[in-house]
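Nothing in this text is a laboratory measurement; each read-out follows from the coordinates by a stated rule. Values in this document were obtained by computation on a predicted structure and should not be read as measured data.
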């Protein structure tokens, strides 16, 4: 298991919000995929996954009205 800092951002354009709500969390995980899959179930396949040059892992999904972003940094 690895320990991660997780930065989660949610923006709901339907509610008129132009700024994302941002949440911070630390967790020990076997898989970052499993964390996002647990949160979004059937929509998991719509997320894009990118590993950034500094090692952070970024998941993003935007359906036009709601945007989700999860950034995992290994501690």
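Take every Cα pair under 8 Å whose residues are at least 6 apart in sequence, average their separation, divide by the length of the chain, and the relative contact order is 40 percent.
Per-residue ellipticity at 222 nm computed for the chain from its helices equals -3500 deg cm²/dmol, with DSSP H segments shorter than 4 residues left out and the rest contributing -39,500 (n - 2.57). Just to be sure I understand the curve: with the Debye formula and one point per C-alpha of the chain, what is log10 I(q)/I(0) at q = 0.15, 0.18 Å⁻¹? So the normalised log intensities are -0.51, -0.72. For q = 0.14, 0.15, 0.26 Å⁻¹, what log10 I(q)/I(0) does region 16-58 give under the Debye formula with an equal point scatterer on each alpha carbon and no solvent? Treating every Cα as an identical point scatterer, log10 I(q)/I(0) equals -0.45, -0.52, -1.16.
Across 37, 19, 56, mean-square fluctuation computed from a Gaussian network of the chain (C-alpha pairs under 10 Å connected) peaks at 19.
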